[in-house]
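This is the structure I have questions about; it appears just below.
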Amino acid sequence: MTVRVAVNGFGTIGKRVADAVAKQPDMKLVGVAKTRPSFEARLATDRGYPLFVGGAGKLEEFRAAGLSVAGTADEMFQNADVIVDATPDKVGREYLAKYQSAHLKAIFQGGEKPDVAEVSFSALANYDAARGKSRVRVVSCNTTGIVRAAAVLRARYGVDRWDATLIRRAADPTETRKGPVNGILPTFQFPSHHTPDAQTIFPDLPIATTAVVVPTTLMHVHVNHVRLRRPPASAADVIAAFRETPRFHVFHSWERIEGTPQVLEYARDHAAPRSDMMKNVLWEDGVHLNGADLHFFQAIHQESIVVPENIDAIRAMFDLAADASASIAVTDLTLGLRA
Ligand code: NAD
């Protein structure tokens, strides 16, 4: 079976998901919807993706820009089995009734409230929960990072308590009007919204998150302190556990990766598309075990970490793979994440 996928909203997440869908052997990208002509609308046509006019967008504006348009988003919806909604925060919910009345399956992103979907999703954590579902929400970038790590630590060692401070990037690189440009902004919410979000996937995860926004666009960094129930002998065991799991990259000490600039330089050096880093990034030197107390840093590339999760969500909704491992294997092979 080939699933016909349409992407509504062709921005940071939408364009990456569209590229990923186009690489899947069991999916066909039937189009992407954009509200206004822009360099990203042009990218769609340069890639040969059928471009549709979404939202309150005007066909004439696209034509005046010389962009070849295949029709309206409503027409795109008619040719699809599933919509990946990658519109801005809270806009996805406005489309819910439309998707439902067109009997379309839909994937929403982390900027929507959990009740927009039947289940919140992250492939390593709860693939089976999305099997056959009509509406799935891929949790946010930070939450994806947390629940991937939780999937490893819970299964291997058990988690009695987890405190995480999320050092959040101020904006994506193209968001030139967001800040802060200079300053450190604590989020005065205890716990931060990431705690209930992670618990949409692991309801009993004993985690408490706090968040601070800092002037960078590159990645988020999580500072984690986890009390393990069955601690291993050494930090090396934990490092090995992460290395054995797909979607984790643990840098060696000798690689001298000081922080997020070198992480993305590494991605550029290895010709990763857009220098994306879709895996959780850890450092050997950044994992420390003291008895049952595990401390580790992880960096999260906000622009790309949810991309493989969207692909696995589609596979789960249409039962295209035997299990999570089978889906993750195909996704990671096609997206170049197996190395
Ligand atoms: P974005 O602003 O980069 O892209 C949104 C796209 O939707 C743009 O192309 C915009 O033109 C289009 N759009 C706006 N209104 C529309 C409408 N009414 N109909 C159709 N299209 C419309 O946003 P993004 O960063 O890609 O975020 C999309 C979703 O992904 C949000 O829920 C966000 O919370 C989530 N998310 C974002 C990040 C991130 O760091 N950027 C990470 C994980 C999840």
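If the requirement is being modelled with pLDDT of 95 or more and outside the structural domain of residue 15 (by TED's automatic domain parsing), which of these qualifies: 110, 92, 145, 132?
145
For region 283-316, which residues satisfy the criterion of being of a type in the set (A, V, I, L, M) and surrounded by 23 or more Cβ atoms within 10 Å (Cβ to Cβ)?
299, 300, 305, 306, 307, 311, 313, 314, 316 - these are the residues of region 283-316 that are of a type in the set (A, V, I, L, M) and surrounded by 23 or more Cβ atoms within 10 Å (Cβ to Cβ).
If a residue has to be among the small types (Gly, Ala, Ser), within 8 Å of the ligand (Cβ to nearest atom) and surrounded by fewer than 17 Cβ atoms within 10 Å (Cβ to Cβ) to count, how many in region 16-54 make the cut?
Qualifying residue count for the region: 1.
Taking strands (runs of 3 or more DSSP E) that fall entirely within region 69-173, which contain at least 2 residues that are within 11 Å of the ligand (Cβ to nearest atom)?
Filter on region 69-173 gives 82-85, 105-108, 135-138, 159-169.
Let me ask something additional. Specify the residue that is farthest from residue 246 (Cα to Cα); the eligible residues are those in region 99-135 that are crowded, with 24+ Cβ neighbours inside 10 Å and aromatic (Phe, Trp, Tyr).
Residue satisfying both the conditions and the ranking: 108.
Among the residues of region 1-10, which ones are surrounded by fewer than 19 Cβ atoms within 10 Å (Cβ to Cβ) and modelled with pLDDT of 95 or more? Full working, then the answer.
Just the residues of region 1-10 that are surrounded by fewer than 19 Cβ atoms within 10 Å (Cβ to Cβ), to begin with: 1-2, 4.
If the condition is that a residue be surrounded by fewer than 19 Cβ atoms within 10 Å (Cβ to Cβ) and modelled with pLDDT of 95 or more, then 2, 4 are the ones that fit.
Of all residues in region 325-339 being hydrophobic (A, V, I, L, M, F, W, C) and under 25 Å from residue 267 (Cβ atoms), which is surrounded by the most Cβ atoms within 10 Å (Cβ to Cβ)?
Per the criteria, the residue is 328.
Regarding region 249-258, can at least one residue be identified that is aromatic (Phe, Trp, Tyr), touching a residue at least 12 places away in the same chain (Cβ under 8 Å) and out of contact with any Cys (no Cβ under 7 Å at 6 or more places or on another chain)? It would help to see each step written out before you state the result.
Within region 249-258, the subset aromatic (Phe, Trp, Tyr) is 251, 254.
Narrowing the set further to residues that are touching a residue at least 12 places away in the same chain (Cβ under 8 Å) leaves 251.
So of that shortlist, the ones also out of contact with any Cys (no Cβ under 7 Å at 6 or more places or on another chain) come out as 251.
Within region 249-258 (the criterion being aromatic (Phe, Trp, Tyr), touching a residue at least 12 places away in the same chain (Cβ under 8 Å) and out of contact with any Cys (no Cβ under 7 Å at 6 or more places or on another chain)), the answer is yes, since at least one residue qualifies.
So which of 152, 181, 138 is crowded, with 23+ Cβ neighbours inside 10 Å, of a type in the set (A, V, I, L, M, F, W, C) and out of contact with any Lys or Arg (no Cβ under 8 Å at 6 or more places or on another chain)?
138
For region 195-215, enumerate the residues that are assigned to a loop (DSSP other than H, G, I, E, B) and aliphatic (A, V, I, L, M). First the steps, then the outcome.
Initially, region 195-215 is screened for residues assigned to a loop (DSSP other than H, G, I, E, B), giving 200-206, 215.
Scanning region 195-215 gives 201, 205.
If a residue has to be aliphatic (A, V, I, L, M) and free of Cβ contacts under 8 Å to residues at least 40 places away in the same chain to count, how many in region 159-200 make the cut?
So the count comes out to 3.
Okay, moving on. Report those strands (runs of 3 or more DSSP E) wholly inside region 225-292 carrying at least 3 residues which are within 23 Å of residue 331 (Cβ to Cβ). So that I can check it myself, show each step before the final result.
On the way: elements: 248-251, 280-283, 287-290.
Because the criterion is at least 3 residues that are within 23 Å of residue 331 (Cβ to Cβ), the strands (runs of 3 or more DSSP E) in region 225-292 that meet it are 248-251, 280-283.
As an exercise: evaluate residue 62 against (1) within 16 Å of residue 310 (Cβ to Cβ); (2) outside any strand (DSSP E or B); (3) within 13 Å of the ligand (Cβ to nearest atom) and give the number of the one condition it does not meet.
Only one criterion in (1) within 16 Å of residue 310 (Cβ to Cβ); (2) outside any strand (DSSP E or B); (3) within 13 Å of the ligand (Cβ to nearest atom) is unmet by residue 62, namely (1).
If you scan region 19-43, which residues turn out to be assigned to a helix (DSSP H, G or I) and touching a Phe, Trp or Tyr at 6+ places or on another chain (Cβ under 6 Å)?
Selection gives 40 alone.
Assess whether residue 39 counts as being hydrophobic (A, V, I, L, M, F, W, C), in contact with a Leu (Cβ under 9 Å, 6 or more places away or on another chain) and closer than 22 Å to residue 302 by Cα.
Judged against the criteria, residue 39 is not a match.
Considering 323, 269, which residue is over 21 Å from residue 156 (Cβ atoms), modelled with pLDDT of 95 or more and acidic (Asp, Glu)?
Result of the check over 323, 269: 269.
Kindly indicate the residue of region 68-84 that is farther than 19 Å from residue 135 by Cβ and among the hydrophobic types (A, V, I, L, M, F, W, C) and also surrounded by the most Cβ atoms within 10 Å (Cβ to Cβ) among those meeting that condition.
So the residue we want is 69.
The values are calculated or read from the model by the stated rules, or taken from the named source; none is laboratory data. None of these values were measured; they are calculated from a predicted model. For neighbour counting, all protein chains shown are included, and Cβ atoms are generated from backbone atoms with ideal geometry for every residue, glycine included.
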